[in-house]
Amino acid sequence: MVKKGDMFYAWTSDAELAKRAECGGAVTTLLKYALENNIVDAVLAVRKGADLYDAVPTIITDPKELDQTAGSLHCGTMLLSKLVKNYLGGANNFRLAMTVKGCDAMGLYELAKRQQVNLDNVLMIGVNCGGSVSPVTARKMIADKFEVDPDTVHKEEIDKGQFIIEYEGGHKGISIDDLEEEGYGRRPNCRRCKMKIPRQADLACGNWGVIGDKAGKATFVEVCSEKGANLLKAAVDAGVLKTEAPNPKGIVIRGKVEGAMFKLADKWRKRDFEALGDGRERLAKIVTETSRCIKCYACIEQCPICYCVECSTKKPYLVEPGTLPVPFMFHLIRFAHIADSCVNCGQCEENCPMEIPNSLFMHAQQCELEQMFGHVPGVDMELPLLALVEEKDERARLAATGSDQIFDIFK
Ligand code: FAD
Ligand code: SF4
Ligand code: SF4
Ligand code: SF4
Ligand code: SF4
């Protein structure tokens, strides 16, 4: 019997798939098993596009095509959850299995809270995530720091704190810490991210903790739900997936690595948020940076929290149309509507043509709101605090305290 909380080393029985896969092919095997056995109608995963820096989200209904999606693309910075809402009808009418990084899983939960995705129809195979690197940064970093032509690289990986490349003629690794001190490395939001093992998925799979003869050849799987337990058991019973108990030392190492990643994320949060300053100083910085905005709506389009058919930022009485710089109200509306639920996925920054650090601003606010009210977005179906406030009670509370503000950013 397999149950929530169980842990395994797992790998595929398919020798060809094992060659293509990142760490033994358990993830692809589980997705394939689910599709072949009518547990789901389709799979959403990621495959290599034009080159290593081009990660393409792919919907697959023929199990034979799944092998194309094996392997980890660390320059794949897209968010899969919003695609489920925008292009797959929120998985309302069919059953979908998908690979999810921490931010993908968090985005799915936030969309589900807003009735934009039907989680009952989604099977989430989580992958641990140390971070992803923007394709533009990766190319520049490989040319400048590794002194290698990015087009000759055929494999990249992040292992033991290094960004490692294999290219025609050799391989090289440089410490991620050193790269990040010089402005390269992972995306800024990834440096601050603490969703390293996505336990809100049905299974959480990764290489941390796989030691001994299975290192690099198996994935460490943590069972996180009954749905995940059933899938894993069925795939093992069918003989397509092999498992063994994890090495106890590996479990300890996995815990230590996760702890070290949390500390690193705390370091980056402190650094990034302190650099923003406090109160008026912070507000002034945000106003200045956002004054470059051209109101292209890319941030709203990509954000997993933005789902409204009638977006307030498009109402002329709130944001005057056709004016540059764009009135600050545009950004205030987003801060007010989203900050409590921001999952720090980085999409609003990554896709901003004016290179405004939107996700830094939003994440800084989310962390403060989390400290004040204890609501953690993206981990479960708990509704954000503001959704739970009864207007009459809240007005009475504010009147009794003599304030009209829940928190005072102008102090
Ligand atoms: P495979 O059978 O090779 O399947 C890999 C799956 O990942 C496929 O479904 C593929 O579509 C999907 N995928 C590939 N790239 C992306 C992407 N960018 N976004 C979403 N899905 C993607 N594990 C750790 O223990 N520590 C880490 O620090 C770590 N960092 C990772 C960072 C990234 C960006 C990714 C994608 C994965 C990371 N992993 C990490 C997980 C690890 O690399 C393996 O994916 C995992 O061990 C499963 O191995 P496998 O052989 O079973 O997967
Ligand atoms: Fe991974 Fe977190 Fe970055 Fe998402 S935000 S890619 S989960 S490190
Ligand atoms: Fe403005 Fe950037 Fe958002 Fe476009 S993506 S609306 S430029 S903040
Ligand atoms: Fe992601 Fe930005 Fe939306 Fe936060 S505000 S969830 S970082 S797109
Ligand atoms: Fe909805 Fe506000 Fe996002 Fe517009 S900015 S889509 S109104 S949450």
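Here are a few things to note about the model shown:
- Hey, Ala91 of a type in the set (Gly, Ala, Ser) and without any contact (Cβ under 8 Å) to a residue 40 or more places away in the chain or not: yes
- Qualifying residue in segment 212-227 (condition: of a type in the set (S, T, N, Q), within 27 Å of the chain's Cα centre (by Cα), closer than 17 Å to Gly126 by Cα and surrounded by fewer than 23 Cβ atoms within 10 Å (Cβ to Cβ)): yes
- Subset of segment 263-294 [touching a residue at least 12 places away in the same chain (Cβ under 8 Å) and either surrounded by fewer than 12 Cβ atoms within 10 Å (Cβ to Cβ) or of a type in the set (A, V, I, L, M) (or both)]: Leu264, Ala265, Leu276, Gly279, Arg280, Leu283, Ile286, Val287, Ile294
- Taken over segment 204-228, residues that are within 16 Å of ligand 2 (Cβ to nearest atom) and touching a helix residue (DSSP H, G or I) at 6+ places or on another chain (Cβ under 7 Å) amount to 2.
- When segment 345-393 is filtered for residues that are within 16 Å of ligand 3 (Cβ to nearest atom) and either in contact with a strand residue (DSSP E or B) (Cβ under 7 Å, 6 or more places away or on another chain) or not in a helix (DSSP H, G or I) (or both), the ones remaining, listed by number, are Cys345, Gly346, Asn351, Cys352, Pro353, Met354, Glu355, Ile356, Pro357.
- For segment 305-346, the set of residues classified as of a type in the set (S, T, N, Q) and touching an Asp or Glu at 6+ places or on another chain (Cβ under 9 Å) consists of Ser341 only.
- Considering the conditions (1) more than 16 Å from ligand 2 (Cβ to nearest atom); (2) within 19 Å of Leu111 (Cα to Cα); (3) in contact with a Ser or Thr (Cβ under 9 Å, 6 or more places away or on another chain), Leu80 is excluded by exactly one of them, (1).
- In segment 365-384, the residues that are over 19 Å from Asp104 (Cα atoms) and among the charged types (D, E, K, R) reach residues that are surrounded by fewer than 16 Cβ atoms within 10 Å (Cβ to Cβ) and at pLDDT 95 or above with C-beta atoms within less than 9 angstrom, at least six apart or across chains, in these pairs: Glu370/Val376.
- Listed by position, the strands (runs of 3 or more DSSP E) inside segment 1-85 whose residues that are in contact with a Leu (Cβ under 6 Å, 6 or more places away or on another chain) and closer than 27 Å to Lys249 by Cβ number at least 2 form an empty set.
- Failed item, numbered, when Val100 is tested on (1) closer than 30 Å to Lys217 by Cβ; (2) touching an Asp or Glu at 6+ places or on another chain (Cβ under 9 Å); (3) surrounded by 23 or more Cβ atoms within 10 Å (Cβ to Cβ): (2)
- Matching residues in segment 96-134 - criterion: being within 11 Å of ligand 1 (Cβ to nearest atom), charged (D, E, K, R) and over 20 Å from Glu156 (Cα atoms): Asp104
- Subset tally (residues that are in a loop (DSSP other than H, G, I, E, B), more than 8 Å from ligand 5 (Cβ to nearest atom) and either closer than 15 Å to Leu83 by Cβ or touching a residue at least 40 places away in the same chain (Cβ under 8 Å) (or both)) for segment 296-316: 2
- Flag for Asn93 being of a type outside the set (D, E, K, R), assigned to a helix (DSSP H, G or I) and more than 16 Å from the chain's Cα centre (by Cα): no
- Qualifying residue in segment 321-328 (condition: in a loop (DSSP other than H, G, I, E, B), at pLDDT 95 or above and within 13 Å of ligand 4 (Cβ to nearest atom)): no
- Scanning segment 186-212 for residues that are within 13 Å of ligand 1 (Cβ to nearest atom) and free of Cβ contacts under 8 Å to residues at least 60 places away in the same chain turns up Arg186, Gly209, Ile211.
The values are calculated or read from the model by the stated rules, or taken from the named source; none is laboratory data. As the structure is a prediction and not an experimental result, all values here were calculated from the model. As a convention, Cβ positions derive from the backbone with ideal geometry for all residues, glycine included, and neighbour counts pool all protein chains shown.
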